[in-house]
Amino acid sequence: MIVQKDFLNKLKDFGLNTYESKLWTALLSRGVSTAGELSDIANVPRSRSYDVLESLERKGFIIMKLGKPIKYIAVPPEEVLERVKKKISEETEKQLKTMEDLRQGEVIDELKLLHTQGIELVDPTDISGCVKGRKNLYDHLESAIKKAESSIILMTTAKGFIRKSEALKSALSKAKSRGVKIRIGVNASKEIAKKVQEMSKIADIRQSDIKARFCLVDGKEVTFMLLNDEEVHSSYDVGVWVNSKFFASALEALYESEWKKMKAVE
């Protein structure tokens, strides 16, 4: 990664030396990375990288992520600016004025651009998570549905459909009023006929021979349940949330193919 020398010099106003500036901007471009990777990208000697990263952590510019190997996460430039402002305000009014000048100048915009247009964050802890307990799962689904902008895809069992029609009806109804397209595939049975009639005002519901449980929102966020809800107690139900457009788009393509084969629930 090449960063102009004069740009790095401007970062001295943030209280950073040359090595700190190089490693921070390298981490901003990656989002998350190891010390070795950052050393190679920033052209900083590996023997100095850990000391410099430790200094950046103390100053509040980065966060150390526990694990093997140790990785570092970039703090957004806006947040860093607020932390530095607080420290500077405690030291001198003159330095505080310098930071206000930086806020109004082009440096912070360049840093934000570097952060947003850098390599996409790939740390699994940032794009995925585990949700335990059916109540927590439904709370998570409700939150995802509330944020939906274009599409919601649900795949569920017959009993799951009954539960979701009660727990998520309000959120789904509001999503529909926002223009969100809602489709539900269900491993149907006669016992859900009444609920299907009720929910058909909100969603397009079809019958599937596949027994699966997942929710796909806007083609980029997926929550899929790992266990058969007929065989597990609600307290032990578990789901995995993944915020990955790459994975979600592949799942959506498979669903589209299956959707064409599904028939209306009788």
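The values are calculated or read from the model by the stated rules, or taken from the named source; none is laboratory data. Keep in mind it's a predicted model, so treat the numbers as computed, not measured. For neighbour counting, all protein chains shown are included, and Cβ atoms are generated from backbone atoms with ideal geometry for every residue, glycine included.
Quick test of your reading of the structure: I192 fulfils all but one of (1) surrounded by 15 or more Cβ atoms within 10 Å (Cβ to Cβ); (2) closer than 20 Å to K260 by Cβ. Name the failing condition by number. The failed condition is (2).
Elements of the type helices (runs of 4 or more DSSP H) sitting completely within the stretch 155-199 and holding at least 3 residues that are small (G, A, S): these cover 158-167, 169-177.
Filter the stretch 9-31 down to the residues that are modelled with pLDDT of 85 or more, more than 10 Å from L56 (Cβ to Cβ), surrounded by 20 or more Cβ atoms within 10 Å (Cβ to Cβ) and not small (G, A, S) and list them by number. K22, T25, L28, R30 - these are the residues of the stretch 9-31 that are modelled with pLDDT of 85 or more, more than 10 Å from L56 (Cβ to Cβ), surrounded by 20 or more Cβ atoms within 10 Å (Cβ to Cβ) and not small (G, A, S). Among residues of the stretch 58-78 being touching a Ser or Thr at 6+ places or on another chain (Cβ under 7 Å) and in a strand (DSSP E or B), the one that is farthest from I108 (Cα to Cα) is K71. Being under 20 Å from the mean Cα position of the chain (by Cα) and surrounded by 17 or more Cβ atoms within 10 Å (Cβ to Cβ) is the filter; apply it to the stretch 107-126 and report the residue that is modelled with the lowest pLDDT. Looking at the filtered set, the residue picked out is G118.
Which residue, of S143, S151, is farther than 15 Å from A203 by Cα and within 22 Å of the chain's Cα centre (by Cα)? Only one candidate qualifies: S143. Of the candidates K71, K87, the single residue that is modelled with pLDDT of 85 or more and either surrounded by 14 or more Cβ atoms within 10 Å (Cβ to Cβ) or in contact with a strand residue (DSSP E or B) (Cβ under 9 Å, 6 or more places away or on another chain) (or both) is K71. Scanning the stretch 243-265 for residues that are part of a loop (DSSP other than H, G, I, E, B), touching a helix residue (DSSP H, G or I) at 6+ places or on another chain (Cβ under 6 Å) and of a type outside the set (V, I, T) yields one hit, S244.
Tell me, which residue of the stretch 46-68 that is farther than 20 Å from T18 by Cα and free of Cβ contacts under 8 Å to residues at least 24 places away in the same chain is surrounded by the most Cβ atoms within 10 Å (Cβ to Cβ)? Ranking the candidates gives M64 first. Each residue in the stretch 143-154 was checked for being part of a helix (DSSP H, G or I) and surrounded by fewer than 17 Cβ atoms within 10 Å (Cβ to Cβ), and 2 of them qualify.
Criterion applied to D229, D237 was being within 20 Å of T157 (Cα to Cα) and either in contact with a Ser or Thr (Cβ under 6 Å, 6 or more places away or on another chain) or not assigned by TED's automatic domain parsing to the domain that holds V180 (or both), and the one residue passing it is D229. Would you say E256 is loosely packed, with under 12 Cβ neighbours inside 10 Å and more than 22 Å from I145 (Cα to Cα)? In short, no.
Does R206 fit the bill of being assigned by TED's automatic domain parsing to the domain that holds K132 and in contact with a Ser or Thr (Cβ under 7 Å, 6 or more places away or on another chain)? Taking the combined requirement at face value, the residue does not satisfy it. Is it fair to say K211 is surrounded by 15 or more Cβ atoms within 10 Å (Cβ to Cβ), modelled with pLDDT of 85 or more, among the basic types (K, R) and assigned to a loop (DSSP other than H, G, I, E, B)? Yes.
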